[in-house]
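Trainee: Below you'll find the structure I mean.
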Amino acid sequence: MDDDLLCFLRAFLTELVGRYFHLQQFVELTRRGARDGTPNLLIRYGELLQKKTRLLLGFSETISDLPKDAITARELEGPFRTLLNESREFQSLHKALKWFPTPWPGSELFQFLTQLGRERGVAFKFDTLNPTAVLSDEYNFLTSDVNQELPVSDSRSNLVVWALPKGESTNPLLWPVLTHEVAHSFYGRRELEPTIAGLLSVNDNRYKEVLISWAIELNADLLAFRLLGPAYLYSLMYFSIFFITSNLRTPVRPERADLDMGLHPAPETRIRLLSTEADSLKERLKNKDRKKEEYSPQLKRVWKALDQFTKLYEARLRLDHTAQPFNQDDYDGFPNQVVDKVWDAIRTFQHNDLPDVDITVKELETSVDLADRLARRQLAASVVPNPQGISCVKEFVESVENSGRDEVLDRLDERRPSRDEVLDGLDERPASMAEILNGGWQYKTRILHGSPLFKVKPTELKNGQTLESYSKDNFLEQSRQLQKSIQTAIILASISRFADTPAGIKYA
Amino acid sequence: MVSADSQIETYDELRSHSAAMGMVLFGLKYKRPVPACDRQLEFAVRVCDVVAEGMQLRQATRIESFEDLARVAAFSSTERRQRVNAEKLSEMAAEALAVRDTLAKIRESMNVSAAELDKAASFFKSLYSVT
């Protein structure tokens, strides 16, 4: 049990280091856009990020090779507090990106969402939105609401803006956040207020506005979970345990205190409700095949990975309890007692409105194979392994990344893939977005439990590698691999023989 | 010797250095290397100064220097927080002196007991929780 605490702490440190690498990568992208040499601001900021990264890497030695009596909540509370503060400082540094020019997100973000909409049968809703996605300097997307800050954004303008933290622009594992934002655009106050109106007693009425804003958030969580399955729960838990610096039982207020409408339920509440949803999904899948009560070996692995990740979350709750006890009196009167009723009402409403959007058994099962493939550093773009077949598609993706559009067309002309190559590619069933992200999170769970920072001793590093360069390669490679898998799957989906098969489920 | 650039001038600095001491004191207790340990100890001594002397300075009729003025400002910012009451603050001001001694011993590579390290850890934990 206490080993879980240490595992959590190591994962926390690992993830902070990883976020700094991603931030450095973003700064590097900005630097390339500077026309007259590199501005001093960028240089100094880059140095600061590097200094922070090195400090954190140094902590890996502090929490290595610990005696047994050091591994208790009481003892580990100190390092936990230090890392919580580092997480807060990382988020402040992320905010400094507002002084840098901000690129628009790459088209892959839209492709990802469009493809997800197609696979889940909600493209008809998505197509009417015509959204804009922006990269935000606010890291904490749980409180971010870019629409509230734009004076042109009101109910009449039909302007839909979704924000992703700049540092996560190349990390698909946090893209499920956008799915939550999509859900906000599908359903707003107008749809949800009547749904929960009957639940309010006279006493609850005092907190009507809070309850409505909670209902809006919970509804978005539920839809994101239904579309992506555990991948959404993973991303919410991940963000909460590493980047929410207050006690997880505390309801989250937006930074602008006057925006009571933006108030979110405590992360602990959201995760608890989504976990019950995961449990009922688990139960449904078990009952699917009544002849045997067992899950398939793949499904067992899906739940095992989720359980492992949940242990990290539970360790965070325990350390919260030791380091920063939650005082219920500070939040007396928050409508916690009706939140379960709100959840039930939302579920009924949403299942009636969108009955068939849930992740499927087949997708969950396939996600395990994709996680294995990612662990072998292979693309997770299709569910029929055929590396030769996807090579021409892969080449196309690389061309898109490295060149302007015209050059890509020229190159394709020169390249002229053979008929067989093209047909091999067509024979593959593209992996769905939900499959890839679930595979990605399962793979990530393995990494968090065997962090590269604690796996390799500095003496084992080869060819002049440092712990910094070694872990940087590891971190950025994971995201690159996942991003490329998504891009390739999307291209494959547009040319595959199985393109019309929703998420390829009928294809076994 | 405490250098000039280790002044604590803001409430954020007070909180941040209190938090950083969690890892430092853990490392010292279990004899594990801690990056930038000396520098962090230097800041921690300053934190103790702010808490120990801040209360007295705030009541003084005359503030001698800008450094003292900054110390009072940092201390007062803690006091203004709703989560700390006057009694708890005086308790912490008294503890700060003992913790400062412990930190000074560590900086001079003198032996420090596990109990002293625990006491220092508990002080910084309390300070973090009220900031």
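Trainee: Assess whether A:Phe21 counts as being over 18 Å from A:Leu453 (Cβ atoms) and part of a helix (DSSP H, G or I).
Mentor: No, not satisfied.
Trainee: Tell me which residues, restricted to the stretch A:87-114, are of a type outside the set (A, V, I, L, M, F, W, C), outside any loop (DSSP other than H, G, I, E, B), surrounded by 18 or more Cβ atoms within 10 Å (Cβ to Cβ) and at pLDDT below 90.
Mentor: Result: A:Glu108, A:Gln111.
Trainee: Cβ-Cβ below 7 Å, separation at least six or inter-chain, first residue in the stretch A:22-45 and surrounded by fewer than 17 Cβ atoms within 10 Å (Cβ to Cβ), second among the polar types (S, T, N, Q) and not in a helix (DSSP H, G or I): which pairs?
Mentor: Pairs found: A:Arg31/A:Thr38.
Conditions (1) within 17 Å of B:Gly22 (Cβ to Cβ); (2) open to solvent by 20 Å² or more (accessible area, probe 1.4 Å); (3) at pLDDT 65 or above, marked per residue:
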{"residue": "B:Val50", "(1), (2), (3)": "no, no, yes"}
{"residue": "B:Ala74", "(1), (2), (3)": "no, no, yes"}
{"residue": "B:Glu87", "(1), (2), (3)": "no, yes, yes"}
{"residue": "B:Glu95", "(1), (2), (3)": "yes, yes, yes"}
{"residue": "B:Arg107", "(1), (2), (3)": "no, yes, yes"}
{"residue": "B:Lys119", "(1), (2), (3)": "yes, yes, yes"}
{"residue": "B:Phe123", "(1), (2), (3)": "yes, no, yes"}
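Trainee: When you scan the stretch A:210-231, do you find a residue that is open to solvent by 40 Å² or more (accessible area, probe 1.4 Å) and at pLDDT below 90, even just one?
Mentor: Checking the stretch A:210-231: not a single residue is open to solvent by 40 Å² or more (accessible area, probe 1.4 Å) and at pLDDT below 90.
Trainee: Looking at A:Glu108 and the list (1) free of Cβ contacts under 8 Å to residues at least 60 places away in the same chain; (2) more than 14 Å from chain B (Cβ to nearest Cβ); (3) not hydroxyl-bearing (Ser, Thr, Tyr), which single condition is not satisfied?
Mentor: A:Glu108 satisfies all of (1) free of Cβ contacts under 8 Å to residues at least 60 places away in the same chain; (2) more than 14 Å from chain B (Cβ to nearest Cβ); (3) not hydroxyl-bearing (Ser, Thr, Tyr) except (1).
Trainee: To continue, here is another question. What number of residues within the stretch A:441-486 are charged (D, E, K, R) and either open to solvent by less than 50 Å² (accessible area, probe 1.4 Å) or at pLDDT 80 or above (or both)?
Mentor: Count: 8.
Trainee: Filter the stretch A:11-34 down to the residues that are more than 14 Å from A:Ser471 (Cα to Cα) and modelled with pLDDT of 95 or more and list them by number.
Mentor: Once the filter is applied, which keeps residues that are more than 14 Å from A:Ser471 (Cα to Cα) and modelled with pLDDT of 95 or more, the stretch A:11-34 yields only A:Phe12.
Trainee: Is there any pair linking a residue in the stretch A:174-199 that is farther than 14 Å from A:Val122 by Cα to one that is assigned to a loop (DSSP other than H, G, I, E, B), with Cβ under 7 Å and at least six apart or on different chains, and which?
Mentor: Partner pairs satisfying both residue conditions: A:Val177/A:Phe141.
Trainee: Which residue is farthest from the other protein chains (Cβ to nearest Cβ), if the candidates are limited to the stretch A:46-62 and must be open to solvent by 60 Å² or more (accessible area, probe 1.4 Å) and within 17 Å of A:Ser471 (Cα to Cα)? Break it down stepwise before answering.
Mentor: So in the stretch A:46-62, the residues open to solvent by 60 Å² or more (accessible area, probe 1.4 Å) come out as A:47-48, A:50-51, A:54, A:61.
Filter once more, keeping what is within 17 Å of A:Ser471 (Cα to Cα): A:50-51, A:54, A:61.
Working: A:Gln50: 13, A:Lys51: 10, A:Arg54: 7, A:Glu61: 5 Å.
If we take residues in the stretch A:46-62 being open to solvent by 60 Å² or more (accessible area, probe 1.4 Å) and within 17 Å of A:Ser471 (Cα to Cα), then A:Gln50 is farthest from the other protein chains (Cβ to nearest Cβ).
Trainee: Now for a separate question. With respect to A:Phe8, is the statement that it is in contact (Cβ under 8 Å) with a residue 12 or more places away in the chain, in contact with a strand residue (DSSP E or B) (Cβ under 9 Å, 6 or more places away or on another chain) and either within 25 Å of A:Leu173 (Cα to Cα) or open to solvent by 10 Å² or more (accessible area, probe 1.4 Å) (or both) true? Please lay out each step first, then the result.
Mentor: On the way: in contact (Cβ under 8 Å) with a residue 12 or more places away in the chain: yes; in contact with a strand residue (DSSP E or B) (Cβ under 9 Å, 6 or more places away or on another chain): no; either within 25 Å of A:Leu173 (Cα to Cα) or open to solvent by 10 Å² or more (accessible area, probe 1.4 Å) (or both): yes.
In short, no.
Trainee: Of the conditions (1) surrounded by 19 or more Cβ atoms within 10 Å (Cβ to Cβ); (2) more than 22 Å from the chain's Cα centre (by Cα); (3) within 14 Å of chain B (Cβ to nearest Cβ), A:Leu84 fails just one. Which one is it?
Mentor: (2)
Trainee: Further question: So, restricting to helices (runs of 4 or more DSSP H) that lie completely within the stretch A:321-440, which ones have at least 1 residues that are modelled with pLDDT of 65 or more?
Mentor: A:339-353, A:361-375, A:391-402, A:405-415
Trainee: Mind checking which residues of the stretch B:23-33 are within 14 Å of A:Leu56 (Cα to Cα) and open to solvent by less than 40 Å² (accessible area, probe 1.4 Å)?
Mentor: Hits for the stretch B:23-33 are B:Met23, B:Val24, B:Gly27.
Trainee: Oh, and also: Conditions: (1) in a helix (DSSP H, G or I); (2) within 10 Å of chain B (Cβ to nearest Cβ). A:Asp65 meets all but one. Number of the miss?
Mentor: (1)
Trainee: Modelled with pLDDT of 90 or more, over 21 Å from the mean Cα position of the chain (by Cα) and farther than 27 Å from A:Thr72 by Cα: is that true of A:Gly37 in this structure?
Mentor: no
Trainee: Quick one: B:Asn111 ticks every box in (1) open to solvent by 40 Å² or more (accessible area, probe 1.4 Å); (2) at pLDDT below 80 bar one, so which box is it?
Mentor: Going through the list (1) open to solvent by 40 Å² or more (accessible area, probe 1.4 Å); (2) at pLDDT below 80, B:Asn111 breaks only (2).
The values are calculated or read from the model by the stated rules, or taken from the named source; none is laboratory data. Note that the structure is a prediction, hence the values are computed from the model and not measured. Virtual Cβ from ideal backbone geometry, glycine too; neighbours counted across all protein chains shown. Keep in mind that these areas ignore ligands, DNA and RNA; they rest on the heavy atoms of the full protein, side chains included. Shrake-Rupley method; radii C 1.70, N 1.55, O 1.52, S 1.80 Å.
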